[in-house]
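None of the figures in this text is laboratory data; all of them are computed from the coordinates on show. Model, not experiment: these values are computed from the prediction. Here Cβ is always computed from backbone atoms with ideal geometry, including for glycine, and neighbour counts include all displayed protein chains.
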Amino acid sequence: MFCAVSTMTDGDYDYLIKLLALGDSGVGKTTFLYRYTDNKFNPKFITTVGIDFREKRVVYTATNSNGTTGKTFKVHLQLWDTAGQERFRSLTTAFFRDAMGFLLMFDLTSQQSFLNVRNWMSQLQANAYCENPDIVLVGNKADLADQREVQEKQAKELADKYGIPYFETSAATGSEVDKAVITLLDLVMKRMEQCVDKPTQDAPNGDGASKLAAPPSNEKSVHARPNLLPPLPNLTPPPTTLAGPPPHG
């Protein structure tokens with residue numbers, strides 16, 4: 001698998017891949033995504049309210065099962081940045097089902113954010129496109145070694161328990177940021193290839209199969225550009241029954 005940054009024009013891509021970053025508030029999701037898309041670090045980002053997203057175009061080269069270089073695809077990455085606060089939970093989980101891969105992040109300087117990874121995994125299993133979506137576990141702020149509360153062995157054991165890759169990253173220095181995202185993209189692309197190779201076997205999965213199916217050769221993307229707000233609830237008030245005049249005594 002190989003990825004390179006692309007300067008494609010609008011609409012010039014083979015796949016639109018939606019990845020979502022989630023985790024506790026303050027773990028560095030916004031600065032991580034900003035480092036990946038712009039290769040810059042901004043420590044002054046304010047807390048994300050609701051949901052936001054960034055975009056990047058890459059060229060992805062697949063690797064065949066025998067190790068040889070496979071096809072090359074132009075990929076438009078949409079990276080969704082979710083709020084970590086509890087009060088936004090119902091909003092952010094509404095986007096889980098449309099995402100194709102997840103960057104589950106915690107702060108290496110916060111033991112509590114690491115303990116909450118299990119809660120986020122439960123949220124994903126309940127709301128994602130399937131019970132075993134493509135996930136990469138990310139321990140961020142690796143540059144703050146003197147403030148570290150979560151040991152690498154702890155995090156690796158948890159990642160092994162869930163059967164997912166683990167990376168320790170730093171949005172400040174850029175360390176391992178690209179590798180974490182590209183690893184997740186590779187998992188998503190391989191799942192898509194499996195759906196193309198075995199469409200009849202994947203069909204009973206419903207949501208996941210239709211979401212990850214590759215487009216016909218004459219189409220550009222897996223998804224159209226999303227509506228970044230979930231459907232609004234029905235605000236129509238229930239019908240009221242007018243009471244008749246009181247009976248005469």
Next item on the list: Could you work out how far apart the two model spin labels at LYS161 and LEU115 are, taking each label as a point 7 Å from the Cα in the direction of the beta carbon, and quote it in nm?
Entry: 1.3 nm
Check: Sorted by mean Cβ packing within 10 Å, highest first, what order do the peptides 136-142, 150-156, 76-82 take?
Finding: 136-142, 76-82, 150-156
Next item on the list: Using per-residue counts of other Cβ atoms within 10 Å, averaged over each peptide, order 102-109, 25-32 from highest down.
Entry: 102-109, 25-32
Notebook entry, point to check: Relative to the present Cα-Cα distance, how much length would full extension add between SER122 and GLN147 at 0.36 nm per residue of separation?
Noted result: 6.2 nm
